[in-house]
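This report refers to the structure that appears directly beneath it.
The values are calculated or read from the model by the stated rules, or taken from the named source; none is laboratory data. Predicted model only: the values in this text are computed from it and were never measured. For neighbour counting, all protein chains shown are included, and Cβ atoms are generated from backbone atoms with ideal geometry for every residue, glycine included.
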């Protein structure tokens, strides 16, 4: 198992209370965990808010999962992008 850090930013601000350290078998598994975290946090945000979850192993950044929350007349929708 490898140790990964999930650093969370909400609307451009570091959100350390939502940061996590996880153990995963691979970067792909850590990526799945980051998507789940980003989506669960985005559900509670205001319309047009943004959540970024940066995944890193030790000091190196692997990638970021970016979720934009958009709430319209028929409910919420989420846009997921990777960086």
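The set of residues from the stretch 58-69 being at pLDDT below 70, under 16 Å from the mean Cα position of the chain (by Cα) and either more than 22 Å from residue 1 (Cβ to Cβ) or not in a strand (DSSP E or B) (or both) comprises just one member, 69.
Restricting attention to the stretch 11-52, and to residues there that are over 9 Å from the mean Cα position of the chain (by Cα), under 14 Å from residue 68 (Cα atoms) and assigned to a strand (DSSP E or B), which single residue is modelled with the lowest pLDDT? Only one residue fits best here, namely 49. What about residue 55, is it buried (at least 16 other Cβ atoms within 10 Å of the Cβ), outside any helix (DSSP H, G or I), at pLDDT 85 or above and in contact with a strand residue (DSSP E or B) (Cβ under 9 Å, 6 or more places away or on another chain)? Here the answer is yes, as residue 55 does meet what is asked. Write out, first by first residue and then by second, each pair whose Cβ atoms fall under 9 Å of each other, whose residues are 6+ apart or on separate chains, and whose first residue, in the stretch 4-26, is at positive phi while the second is surrounded by fewer than 16 Cβ atoms within 10 Å (Cβ to Cβ). The qualifying pairs are 11/46.
Search the stretch 27-40 for residues being touching a residue at least 12 places away in the same chain (Cβ under 8 Å) and under 16 Å from residue 5 (Cβ atoms), and hand back the single one that is surrounded by the fewest Cβ atoms within 10 Å (Cβ to Cβ). Spell out how you get there, then give the answer.
Going through the stretch 27-40, the residues touching a residue at least 12 places away in the same chain (Cβ under 8 Å) turn out to be 27, 30-31, 33-35, 37-39.
Subsequent filtering for residues that are under 16 Å from residue 5 (Cβ atoms) retains 27, 30-31, 33-35, 37-38.
Working: 27: 13, 30: 24, 31: 18, 33: 18, 34: 27, 35: 16, 37: 21, 38: 24.
Looking at the filtered set, the residue picked out is 27.
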